[in-house]
Amino acid sequence: MAIPRIFAFSAVCFSVFFAAPIVAEEPGDDAQQSPAKDLRQSLLGAWALAGEPDSTNAPTADARVKFWGLNHWAITQSDPTPGELIFHPGGTYTLDGDKYAETINYAAESTKDFIGKTFHFKIQVDGDTYIQKGVDNPFNERWVRLNNE
């Protein structure tokens, strides 16, 4: 199966922006990781938006793609036909147990009004599925991990 252009572009962005922090992580014994560290580690990588938390939909070819590093995140979505950018915010995040807060530090024109805002969520990762439920915000979403296949 051919990889849609947005997913290929996403893989390049992930490797450029997030691979260095992953490699630079301190060595440690995986068996001694805290649950918060385990959750942070399970976020790392590229994910595609698949719908609402209870959906079973697969991501579409034009799905938003989210990248997580150890402390940073970014979302990209493009129109697959002309390849034009539709959506691209990013910034930093904090994690305290399953309480996740992401701050938007930069954004494309379509979401520039969110710059400087922090959104709070309750999250969970189960294998290759990430669920976020907004706390005082409407961003309840299900994301599916993108594999290198």
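Tabulated data
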read-out: Peptide ranges 75-84, 53-62 listed from the most packed, as the mean C-beta count within 10 angstrom indicates; value: 75-84, 53-62
read-out: Sites residue 126 and residue 81 - FRET efficiency at Förster radius 41 Å, r taken between beta-carbons, to 0.05; value: 0.75
read-out: Amide N proximity, segment 98-136 versus residue 92 label position 7 Å along Cα-to-Cβ, cut-off under 11 Å; value: 103-105
read-out: Separation of the residue 71 and residue 115 label points, Cα + 7 Å toward Cβ, nm; value: 2.2 nm
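Computed from the coordinates by the stated procedures, all read-outs in this text should not be read as laboratory data. Because the structure is a prediction, the values reported are computed rather than measured. Cβ coordinates were reconstructed from backbone atoms using ideal geometry, including for glycine residues, and neighbour counts include every protein chain displayed.
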